[in-house]
Amino acid sequence: MLHLAFGERALLADEMGLGKTIQAIAACALLHHLGKAQRVLVVTPASLKAEWEEQIKQFTTLGQRLIFGPRSARAACYADPNPPFFTIVNYEQVVSDSLDLNEHLRPDIVILDEAQRIKNWATKTAQAVKRLQSRYAFVLTGTPIENRIDELYSIVDFLDSSLLGPLFRFNREFYRLDERGRPESYQNLSALRERIRPVLLRRRKHHVETELPDRTDRNLFVKLTRPMQAEYDYYKQQASQ
């Protein structure tokens, strides 16, 4: 959480299950408490918007709004002079709404959830997301690299375009090219790791297992309906014969 809040523009690449969403929410709440943030834009896959709403309600008293509907309705939400603290959109909406978000919502913090969605720097989604403007940027992904190291380049480029320089220089420095100029392997990976160290935090479960709460198991018993009970009794009788 502190890595995000005080790193200002940071990549949290913790393994799945370590609570990246909660850490980002806590960082936002801390910056709000310190008077440094009044508006947060959460960009997430559409399937996770409701989960963000649930987590925000569970761990804070800060307001939130899920953005739905046609572009005119979305634009009206962005232009609200008193928006809730969290505004939650999906990546597809940002493709057409990025300029409206900058002009009207003007977020202090932009959170990218499942940020591997911008791993390909040439896509419309990546280009639209990189037009978003904010002082703070929190990038969350458990898989900063899935296939190629230039995926990491695209993600880090959103945080700080000067950190890894232009793409051609990055490719020349960290790819080993064949005689035709095509990538055949990697090189200087320790230098790459050192270059991104200021913005990247990645932990696996075994790194922080002593800090995790004990496992909690809950058994919920649901009464069978009459048809279900009859079917259960039938198979129970068959099994006993």
As an exercise: evaluate Gly17 against (1) closer than 21 Å to Pro144 by Cα; (2) surrounded by 14 or more Cβ atoms within 10 Å (Cβ to Cβ) and give the number of the one condition it does not meet.
(2)
Subset of region 44-76 (residues that are in contact with a Ser or Thr (Cβ under 7 Å, 6 or more places away or on another chain) and more than 14 Å from Ile25 (Cβ to Cβ)):
Arg65, Ile67, Arg71
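Please verify whether Leu132 is in contact with a strand residue (DSSP E or B) (Cβ under 7 Å, 6 or more places away or on another chain), part of a loop (DSSP other than H, G, I, E, B) and open to solvent by 10 Å² or more (accessible area, probe 1.4 Å), treating the condition exactly as stated.
On the way: in contact with a strand residue (DSSP E or B) (Cβ under 7 Å, 6 or more places away or on another chain): yes; part of a loop (DSSP other than H, G, I, E, B): yes; open to solvent by 10 Å² or more (accessible area, probe 1.4 Å): yes.
Criteria met by Leu132.
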Condition test on Thr143, is it over 28 Å from Pro84 (Cβ atoms) and either assigned to a loop (DSSP other than H, G, I, E, B) or among the polar types (S, T, N, Q) (or both)?
yes
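Mind counting the residues in region 104-129 that are in a helix (DSSP H, G or I) and free of Cβ contacts under 8 Å to residues at least 12 places away in the same chain?
Going residue by residue through region 104-129, those that are in a helix (DSSP H, G or I) are 104-105, 115-118, 124-129.
Still in the running and free of Cβ contacts under 8 Å to residues at least 12 places away in the same chain: 127.
Of the residues in that region, 1 qualify.
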Residue in region 142-163 that is open to solvent by less than 20 Å² (accessible area, probe 1.4 Å), of a type in the set (Gly, Ala, Ser) and modelled with pLDDT of 90 or more present
yes
Given (1) closer than 27 Å to Ala24 by Cβ; (2) exposed (fewer than 10 other Cβ atoms within 10 Å of the Cβ); (3) touching a strand residue (DSSP E or B) at 6+ places or on another chain (Cβ under 9 Å), index of the condition Arg197 fails:
(3)
Asn82: more than 14 Å from the chain's Cα centre (by Cα), among the polar types (S, T, N, Q) and assigned to a loop (DSSP other than H, G, I, E, B), yes or no?
yes
Picked from region 21-42 (must be of a type outside the set (S, T, N, Q) and assigned to a loop (DSSP other than H, G, I, E, B)), the residue nearest to Glu53 (Cα to Cα) is Arg39
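Let's see how each residue does on (1) surrounded by fewer than 19 Cβ atoms within 10 Å (Cβ to Cβ); (2) touching a strand residue (DSSP E or B) at 6+ places or on another chain (Cβ under 9 Å); (3) under 21 Å from Ala126 (Cα atoms):
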position	(1), (2), (3)
Lys36	yes, yes, no
Val42	no, yes, yes
Trp52	no, yes, no
Phe59	yes, no, no
Ile67	no, yes, yes
Asp80	yes, yes, no
Thr87	no, yes, yes
Asp97	no, yes, yes
For Ala115, work out the one condition from (1) hydrophobic (A, V, I, L, M, F, W, C); (2) within 14 Å of the chain's Cα centre (by Cα); (3) within 17 Å of Arg135 (Cα to Cα) it doesn't fulfil.
(3)
The correct count of residues that are out of contact with any strand residue (DSSP E or B) (no Cβ under 8 Å at 6 or more places or on another chain) and either at pLDDT 90 or above or of a type in the set (Lys, Arg) (or both) in region 171-187 is 3
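Those residues that are more than 19 Å from Gln64 (Cα to Cα) and crowded, with 22+ Cβ neighbours inside 10 Å, I need them from region 99-118; list them, please. Please lay out each step first, then the result.
So the first thing to find is which residues in region 99-118 are more than 19 Å from Gln64 (Cα to Cα), and the list is 99, 103, 114-118.
Listed by number, the residues that qualify are Ala115, Ile118.
Taking only region 6-20 into account, find how many residues are under 19 Å from Leu163 (Cα atoms) and either under 12 Å from the mean Cα position of the chain (by Cα) or assigned to a helix (DSSP H, G or I) (or both). If you could, list the steps in order and put the result at the bottom.
Residues of region 6-20 under 19 Å from Leu163 (Cα atoms): 6-13.
So of that shortlist, the ones also either under 12 Å from the mean Cα position of the chain (by Cα) or assigned to a helix (DSSP H, G or I) (or both) come out as 6-7, 10-13.
Final tally of qualifying residues: 6.
Residues Ala13, Ala50: which one is modelled with pLDDT under 95, touching a Lys or Arg at 6+ places or on another chain (Cβ under 8 Å) and of a type outside the set (Val, Ile, Thr)?
The unique qualifying residue is Ala13.
The values are calculated or read from the model by the stated rules, or taken from the named source; none is laboratory data. As the structure is a prediction and not an experimental result, all values here were calculated from the model. Please note: Cβ atoms are built from the backbone with ideal geometry, for glycine as well, and neighbour counts cover all protein chains shown. Keep in mind that these areas ignore ligands, DNA and RNA; they rest on the heavy atoms of the full protein, side chains included. Shrake-Rupley method; radii C 1.70, N 1.55, O 1.52, S 1.80 Å.
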